[in-house]
Amino acid sequence: MQASDLMKRNVVTIRPDISLATAARILLRAGVYAAPVVNEAGRLVGMIGLKDILRAPARSDLGVWATRYTSLTTRARAIARTPVGHVMARRFVTVSPETPAAEVAALLINRERHPLPVVVEGQVVGVIGRADVVAAVLALVDETTEELRGSDDETAAGESAQPA
C-alpha cells in the first residue's frame, strides 16, 4: 500500500494572497482543519490551518504585534486584514504518490504533520490526513477478521467432518 492508495484527490487549496478570514471560511465549509497553499501556477508554497489562523499576530493596544488575545474583536480585525502568505507554514513535509503507507503513517504520527500533501513536480495531486490512514488500517482489520473467520469456519468444518 502506498500514498496514492490513501490520498484524497479532491484537494481544497488556498491562495497566499487571500485573507485569513476567507481561508478560514473555505476550510470550515470544506470540513478540513488545514490545506495546502498554492501559488497562481498551482505550485505548493505552504500550508495553512485553523491553528495558524487563530495564532495570527494582531497589533496590540501598545502598537506591538502579538498573538495574545486581548479581545475577539481585535482577533477578527487581524484575520480580516492578514493575508495567508504572512502566516502560512513555509516549512512543510510532502510525500509522493509512491511513498509507502507505513512511511506516511510515521510522518503523520512521529513528526505531527497533518495533513500531508501528495506532490508530483511541485503540484498537489492529493492530501492525506490521519483519518485516511485510520480508514486504511480499519479496512485491513476487516480483511484480517474475515480471514480469521474463514480459517475458523474451515477448522470447524474439518472438526465436524471427522468421525467421533
Which of the residues spanning the stretch 48-97 are in a strand (DSSP E or B), at pLDDT 85 or above and in contact with a helix residue (DSSP H, G or I) (Cβ under 6 Å, 6 or more places away or on another chain)? Ile48, Val95
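Could you check the stretch 28-40 and list, in sequence order, the residues that are free of Cβ contacts under 8 Å to residues at least 60 places away in the same chain and either in contact with a Leu (Cβ under 6 Å, 6 or more places away or on another chain) or surrounded by fewer than 20 Cβ atoms within 10 Å (Cβ to Cβ) (or both)?
Step one: filter the stretch 28-40 for residues free of Cβ contacts under 8 Å to residues at least 60 places away in the same chain, giving 28-31, 37, 39-40.
Within the stretch 28-40, Leu28, Arg29, Ala30, Gly31, Asn39, Glu40 meet the criteria.
Could you list all residues from the stretch 124-134 that are within 11 Å of Val11 (Cα to Cα) and not aliphatic (A, V, I, L, M)?
At the first step, the residues of the stretch 124-134 found to be within 11 Å of Val11 (Cα to Cα) are 124-128.
Listed by number, the list holds a single entry, Gly126.
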Can you pull out the residues in the stretch 15-27 that are out of contact with any Leu (no Cβ under 8 Å at 6 or more places or on another chain), aliphatic (A, V, I, L, M) and closer than 14 Å to Val87 by Cβ? Ile18, Leu20, Ala21, Ala23
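The values are calculated or read from the model by the stated rules, or taken from the named source; none is laboratory data. The structure displayed is predicted, hence computed values, not measured ones. Virtual Cβ from ideal backbone geometry, glycine too; neighbours counted across all protein chains shown.
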